[in-house]
Each structure stands twice: as C-alpha cells, then as structure tokens.
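Visitor: Structure incoming, see below.
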Amino acid sequence: MPNWTKFDASVIEKTHGNIFYYRNLYEGKHSEIFPRAKELIDKGEIIDNIMYGTERAKNVQTPYLVANICKLIPEIPAMLVSRSIGNIQSSLSPDDFQAENINQETDELVDEPRDEVSRIIHVQQEIINQIQKNSNLAFEHWGNILQQQVDGGLVGVPWNDELGLRLEFKARDVFYPHDNGLGVDLAYEIEIEDEEYLHVYREEVKDGDLHTRHILYMLNEQRKTEEVPEDEAKELLDMKELEKVYPGRGRPFVIYWPNEKTFMNPLGTSCLKGQDGKQDEINWTLTRNAITFERNGKPRIAVSKEIMQALEQRAMERYGDEGKIDHRDLEITTFDDQGKALEVIQIDITKIGDIQWVKDLMKLMLMETKTSEKVVDFYMDKTTTGAQSGVAKFYDLFTSLIKAEQIQSEYIYFLQQLIESALWLANNNDDAVVIEEPEIMFKSMIPISRKELIEENKMAFEGANDTPTQSLETTIRRNNPNASEEWIQEELARIQAEKSNDDSFSLLRGRQAFQQFMGNRDADGNPIQEDDE
C-alpha cells in the first residue's frame, strides 16, 4: 500500500501520469503548454487575450488562434452516451409483504395512515430512486463520461451517512490502488482552519472482510506529512469512528473505471494521448496565417515619386507636417510620363498558408480517436441537406457510435457495480434491503422522430408471427423515456383495464359465445320450460 511520507504533484504523476496536461489540452489552454505559442507570445508577435488580458494586447493585433479539436474528441462520446442513459429499475418484483410492513412503520411514525398516492408499492425500487436523487445522478452522466475520457479513468464511491445513501464520483488523481490488488487508498488534500492536511480513506480486504479506515496527515511547506493522532483526527474530521469492518465483504466498495485499459496502462489512458502534436500544428498554421494576413492583407496605395512629393508639400503648407497627407488631395491628381498615377496593391489572401493542411490534420485526429467526421460537420460542402431518418444518421455516425456503445456498456456496468455496493451498505444496516445489480434502461443515442420511436417499439411489442419480443411495460417505458415511475405504472394499469372486457358471468363460466349469453332461453328468447318428473 502507498507510504504517505509526502504528497505533491510528483506523487500524482508517478501513478497517473501527466493528467493535468491533458486537462489543459481539453480546456484550450494551449498557449501555456505549446512551446511555439509561448515563444511568439514572449516576442510580442501574438497575444493570448485570455491569458494576459487586454492591457498586453494594446500594441499587438494578431491573437493566438486555437481550433480546439481536443475538446470535441471527448465531448462527442459523452454527448451520445449521456443522452442514452435512462431510468434505473430494480430487477426484482414488488414484495407486497415487505411494502406493507414499511407502510405500517411509516404510518406509526406519523400517527396516521398514509394516503394511496404516498404509499410505497415497490420498496426496493424506492431505495434505488433515493440513491439516484441523493446523488443527483441525472446531472452527473455527461461530466462523468467526459472526465473519464480526458483523464483516462474515473472513481466511484458509495456513501451512507447523514446526507443519505448516495454515490459520489471523483477524478482519477485521488485513486491509489494497493500493490496486492486487495485494497485502495483515496487521497484528498483538504484545508481545515487555515491548515493544509492530507485525508486518506483506505479500504482493504483482510481474511474475507473489508476494513475501512480514515487517516489524517498534516502537510508542511515542503509537502512532507505527519500523521495526526486518532483523537485529534476524529475532532478535525467530525467523525465518531475512524475504522470500521464489514464482515463478508470480499472486495472494496470503491469502483474504478479505466479508459482503454491495457497491460501497459492498467489504470487507463486519456483519449487525447498522442494528439497534442497535431493540435499544436493546427494552431500554429492558423496563427501563422493570421500574422501573414495582418501584415500583408490590408490594401496599400502606390504613387509615383513626383505625386508623393506634391502630397507632402501640400501637407506641409496645410498642417505644417509633411506626414499628415490628406486623402482629399488624392481625388485630383496628374499622370506621370508613363501614364501612371495611383495604384492599389493588395495580396491575394486566398493564397496565404495551406488551410487544406489544417483540414488533413483535423481529419487525422478524428480518425485516430475513432470519431466520425459527420458528427462535427467538418466538410460543410458535403453535409446532407434535408431531413434524415434514424438509419441514415446511424451510418453517417457509424464510427462514433461503435466507440460510444463500448463506452456505454462499460459505464452501465460501472453504475451497476456502484449501486450494488450502495445497496450492500444499506443491507448492512437493514436486512430488508436486497443486494442486486439493477437494470439500467437506455435510449437511442441518435435523435429520431416521435413517429419512428413509436413504430419501432410497436413492431417489437407485436413481434413477428404474433410472437412479441418486448413486453408492454418495456414498450411504455421506451415510448416515454422521461416519464416518472408512478405515471408508467398508472398508464400500464389503464391499458390493461381497457383491454379487459370480462364480466362476472364470463369469469365464472369462461368466455361465452353470443348464444350462450341467452342463459335459460331458446332461440326465440322464450324461457325454457323444464318437464316435471
């Protein structure tokens, strides 16, 4: 396990590499990390207004231009996957006995029975819903996937304290696995009463049980650590106990999700790895073109020597300064011996630089990171006009969708493992909670019309040869991905009620033909007389 004798940037870099470099690359802070940009800024040839402010830019006209493709590369899969994550549903059926016990307990707490609307129907689903709400999970998906792509990994931790049962997501640089694979440390730099501390949360499996411990270190100016005594640590962290044992838990609660894990990079690697050189060249080419245009793109007027002398003489007579040439003096002039007077000189700006080279570099970056060109509408002259079906969009974005589907499957597994860990924590306090990996519903990554969505689910519900491949409940959920659980259950009940046309007579005797509904009457409707014996 890590030996926390000091904590600084070198400790982070040893385990996680230069993740701060990739964050700057994503955020577009290229003038801070690319040497050529730094050199031009130092010479005063260009200016990064964001970095130095407007005061530095007064005498410099050309900005440092950034076409940040490194921003698109992680954001595209984050956009596709995050919009596809739907509701999280328990894989268990409602337990009526468990629900009745819970409702009875809550009735006793408030000294009155709860109304039908507020009564709990599915206890397990209610716990999962609380985890989602306490974690603000609906707002976390996009940021989770983006951070995992940029850093190369993401950490998930379940907590159960006074804030409720929830999931927390943390950047990769707090994660430090143990060498034996049986534990993990989470290290946070915190400030308490103007003092710098290192808070280490440790999980370690020993003899089949999971042991957790909070350790607090004080940091000095040299970033050296000194462990704080237990009693003082409890007071500073506002905790009653620093250690706890979970019998029977054979693995840590903390879950780590690596990006593109390999034997060389077991903790994953950033999706921007290897793209910095091409990004630098794109910025350099655009900025160099801007400098060339700034110096040569403005029109200039060329006059003969005699005309220039005449203009300077008039400026001297009028203003006492031959440099203050009045443009009105150019409206009437004379020709020289060759018939020349004024000539406007301006370079052809379309010949400046090589924009096609920039396009090729962008295309190469998209290709290496498995990003479809169509997803960024890179070649505007090739974009499809008019409406497109979901199938057409699918093939346009095929490469990005393949990448996104892989990320989606990993993210769903990551969430399932985290929720299972959270339910394990809840079960440790209440045996009524069932430990499970819930089902995570997902929607289409590609926006399709409402009509296409309904037709697709209708075909799945009806199936081929009257053999459905999708249940009515799943069909309702997919047709209404943003509906609440209560609305879905009510809609399901309404549909089932409308489909049922049985009455008490048919329920007793089975479905009857029309003639059988006549009861003890003949074909003419007259009562049948029974013969006396």
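The values are calculated or read from the model by the stated rules, or taken from the named source; none is laboratory data. Here the structure is a predicted model, which is why all the values come from computation and not from measurement. Positions of Cβ are generated from backbone atoms using ideal geometry, with glycine treated the same way; all protein chains shown enter the neighbour counts. For the accessible areas, the whole protein counts, side chains as well, though only heavy atoms, and no ligand, DNA or RNA atoms are used. Shrake-Rupley method; radii C 1.70, N 1.55, O 1.52, S 1.80 Å.
Visitor: For region 134-156, how many residues meet the condition of being under 19 Å from Ser270 (Cβ atoms) and not in a strand (DSSP E or B)? It would help to see each step written out before you state the result.
Guide: Keep residues of region 134-156 that are under 19 Å from Ser270 (Cβ atoms), which gives 142-156.
Next, only the ones that are not in a strand (DSSP E or B) stay: 142-152.
Residues flagged as under 19 Å from Ser270 (Cβ atoms) and not in a strand (DSSP E or B) within region 134-156 amount to 11.
Visitor: Among the residues of region 362-373, is any part of a helix (DSSP H, G or I), open to solvent by 40 Å² or more (accessible area, probe 1.4 Å), at negative phi and modelled with pLDDT under 85?
Guide: Filtering region 362-373 for residues part of a helix (DSSP H, G or I) gives 362-368, 373.
Next, only the ones that are open to solvent by 40 Å² or more (accessible area, probe 1.4 Å) stay: 363-364, 367-368, 373.
Keeping just the survivors that are at negative phi gives 363-364, 367-368, 373.
From what's left, modelled with pLDDT under 85: 373.
Within region 362-373, one or more residues are part of a helix (DSSP H, G or I), open to solvent by 40 Å² or more (accessible area, probe 1.4 Å), at negative phi and modelled with pLDDT under 85.
Visitor: Can you pull out every residue in region 232-249 that is open to solvent by 50 Å² or more (accessible area, probe 1.4 Å) and either out of contact with any strand residue (DSSP E or B) (no Cβ under 6 Å at 6 or more places or on another chain) or touching a residue at least 60 places away in the same chain (Cβ under 8 Å) (or both)?
Guide: Narrowing region 232-249 to residues open to solvent by 50 Å² or more (accessible area, probe 1.4 Å): 232, 235, 238-241, 243-245, 247-248.
Answer for region 232-249, where residues must be open to solvent by 50 Å² or more (accessible area, probe 1.4 Å) and either out of contact with any strand residue (DSSP E or B) (no Cβ under 6 Å at 6 or more places or on another chain) or touching a residue at least 60 places away in the same chain (Cβ under 8 Å) (or both): Glu232, Glu235, Asp238, Met239, Lys240, Glu241, Gly248.
Visitor: Every residue in region 199-221 that is surrounded by fewer than 13 Cβ atoms within 10 Å (Cβ to Cβ) and part of a strand (DSSP E or B), please.
Guide: Step one: filter region 199-221 for residues surrounded by fewer than 13 Cβ atoms within 10 Å (Cβ to Cβ), giving 206-208, 220-221.
The one that is surrounded by fewer than 13 Cβ atoms within 10 Å (Cβ to Cβ) and part of a strand (DSSP E or B): Lys206.
Visitor: Among the residues of region 226-242, are any under 22 Å from Asn3 (Cα atoms) and either at pLDDT 95 or above or among the hydroxyl-bearing types (Ser, Thr, Tyr) (or both)?
Guide: no
Visitor: If you go through region 231-277 one residue at a time, how many are among the β-branched types (Val, Ile, Thr) and part of a loop (DSSP other than H, G, I, E, B)? Steps first, answer last, please.
Guide: Initial filter on region 231-277 (among the β-branched types (Val, Ile, Thr)): 245, 254-255, 262, 269.
Then drop every residue that is not part of a loop (DSSP other than H, G, I, E, B), which leaves 254, 262, 269.
Residues meeting the conditions: 3.
Visitor: I need the full set of residues from region 114-147 which are at pLDDT 85 or above and exposed (fewer than 14 other Cβ atoms within 10 Å of the Cβ), in order please. Reasoning before the result, please.
Guide: Here is the first cut: in region 114-147, the residues at pLDDT 85 or above are 124-147.
Within region 114-147, Lys133, Asn136, Ala138, Phe139, Gly143 qualify.
Visitor: Same structure again: Out of the residues in region 429-455 meeting the condition of being in contact (Cβ under 8 Å) with a residue 40 or more places away in the chain and not in a loop (DSSP other than H, G, I, E, B), tell me which one is surrounded by the fewest Cβ atoms within 10 Å (Cβ to Cβ).
Guide: Step by step, filter region 429-455, then rank; the result is Asn429.
Visitor: Here is a follow-up. Name the single residue, out of those in region 267-300 being modelled with pLDDT under 90 and touching a strand residue (DSSP E or B) at 6+ places or on another chain (Cβ under 6 Å), that is nearest to Tyr22 (Cα to Cα).
Guide: Among residues in region 267-300 that are modelled with pLDDT under 90 and touching a strand residue (DSSP E or B) at 6+ places or on another chain (Cβ under 6 Å), the one nearest to Tyr22 (Cα to Cα) is Pro299.
Visitor: Now a separate question. Report, by residue number, each residue of region 187-198 that is open to solvent by less than 30 Å² (accessible area, probe 1.4 Å) and of a type outside the set (A, V, I, L, M, F, W, C).
Guide: Matches in region 187-198: Tyr197 only.
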